[in-house]
1. Sort out which residues of the range 89-116 are touching a strand residue (DSSP E or B) at 6+ places or on another chain (Cβ under 6 Å) and touching a residue at least 60 places away in the same chain (Cβ under 8 Å), and write them in order of number.
2. Could you say which residue among GLN76, GLN47 is among the polar types (S, T, N, Q) and under 13 Å from ILE15 (Cβ atoms)?
3. Considering only the range 135-147, I want to know if a residue exists there that is more than 16 Å from the chain's Cα centre (by Cα) and either closer than 25 Å to GLY21 by Cα or assigned to a helix (DSSP H, G or I) (or both).
4. Among the listed residues THR86, THR68, THR126, identify the single one that is surrounded by fewer than 14 Cβ atoms within 10 Å (Cβ to Cβ), of a type in the set (Ser, Thr, Tyr) and in contact with a strand residue (DSSP E or B) (Cβ under 6 Å, 6 or more places away or on another chain).
5. Out of the residues in the range 15-33 that are of a type in the set (D, E, K, R) and open to solvent by less than 60 Å² (accessible area, probe 1.4 Å), state the one that is nearest to ARG139 (Cα to Cα).
6. Do we find that PRO119 is surrounded by 15 or more Cβ atoms within 10 Å (Cβ to Cβ), within 24 Å of LEU41 (Cβ to Cβ) and touching a strand residue (DSSP E or B) at 6+ places or on another chain (Cβ under 7 Å) in this structure?
7. Check SER26 against each of (1) of a type in the set (Ser, Thr, Tyr); (2) in contact (Cβ under 8 Å) with a residue 60 or more places away in the chain; (3) in a loop (DSSP other than H, G, I, E, B) and name the one condition it does not meet.
8. Please go through the range 1-23 and give me each residue that is of a type in the set (A, V, I, L, M) and assigned to a strand (DSSP E or B), ordered by number.
Amino acid sequence: METCFISSPLGITKIEGDEKGVAVISVLSEGEPSTIIPNQLQEAVLQLQEYFEGKRIEFTFKLNPKGTDFQQKVWQELRNIPFGKTISYLDLSKKLGDVKAIRAAASANGKNPLWIVVPCHRVIGTDGSLTGYAGGLWRKKWLLEHESPSNQQSLF
């Protein structure tokens, strides 16, 4: 497994993966960017940089997250949320086919190993509130505003 670190507006982004795909993308509050980017991670680095520059709305590099079958199903559903849109945790559980699975879906959402690429930040409370985000609500707010079609004013 190869690892690299890049700078982002939200902190240092850690990327881990191999020839099978990127397994982990996370954000750290401190650290230093890597001086050398492993070949297997170069496309992910490029696409993440383009995202932060406002030049990319979807990711096409190979993914290989580790998780249970249910977590994989949730993460795949999260990837269906369009750029610049949000859904509620209740909507997410409905899309998964079981409205009663809201807590399980929220738990899987919170265990998402692919920050930004699997857009768990696009899931909000039924009342429109920003709720639960492992990276901190200020990062969730930043990401949603970054993806907003109208960057004229704050959404929250």
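1. PRO113, LEU114, TRP115
2. On the way: GLN76 fails: under 13 Å from ILE15 (Cβ atoms).
Within the list GLN76, GLN47, the selection yields GLN47.
3. Step one: of the range 135-147, the residues more than 16 Å from the chain's Cα centre (by Cα) are none.
No, that holds for no residue.
4. Values: THR86 fails: surrounded by fewer than 14 Cβ atoms within 10 Å (Cβ to Cβ); THR68 fails: in contact with a strand residue (DSSP E or B) (Cβ under 6 Å, 6 or more places away or on another chain).
After applying the criteria, what remains is THR126.
5. Restricting attention to the range 15-33, the residues satisfying the condition of being of a type in the set (D, E, K, R) are 16, 18-20, 30, 32.
Of the ones still in play, those that are also open to solvent by less than 60 Å² (accessible area, probe 1.4 Å) are 16, 18.
Values: GLU16: 21, ASP18: 27 Å.
Applying the filter and picking the extreme gives GLU16.
6. Working: surrounded by 15 or more Cβ atoms within 10 Å (Cβ to Cβ): yes; within 24 Å of LEU41 (Cβ to Cβ): yes; touching a strand residue (DSSP E or B) at 6+ places or on another chain (Cβ under 7 Å): no.
Answer is no for this residue.
7. Looking at each condition in turn, SER26 falls short on (3).
8. Residues of the range 1-23 of a type in the set (A, V, I, L, M): 1, 6, 10, 12, 15, 22-23.
If the condition is that a residue be of a type in the set (A, V, I, L, M) and assigned to a strand (DSSP E or B), then ILE6, ILE12, ILE15, VAL22, ALA23 are the ones that fit.
The values are calculated or read from the model by the stated rules, or taken from the named source; none is laboratory data. As the structure is a computational prediction, the values presented were derived from the model and not from experiment. Cβ atoms come from the backbone with ideal geometry, glycine included; neighbour counts cover every protein chain shown. Just so you know, the surface numbers come from the protein's heavy atoms only, side chains and all, with ligands and any DNA or RNA stripped out. Shrake-Rupley method; radii C 1.70, N 1.55, O 1.52, S 1.80 Å.
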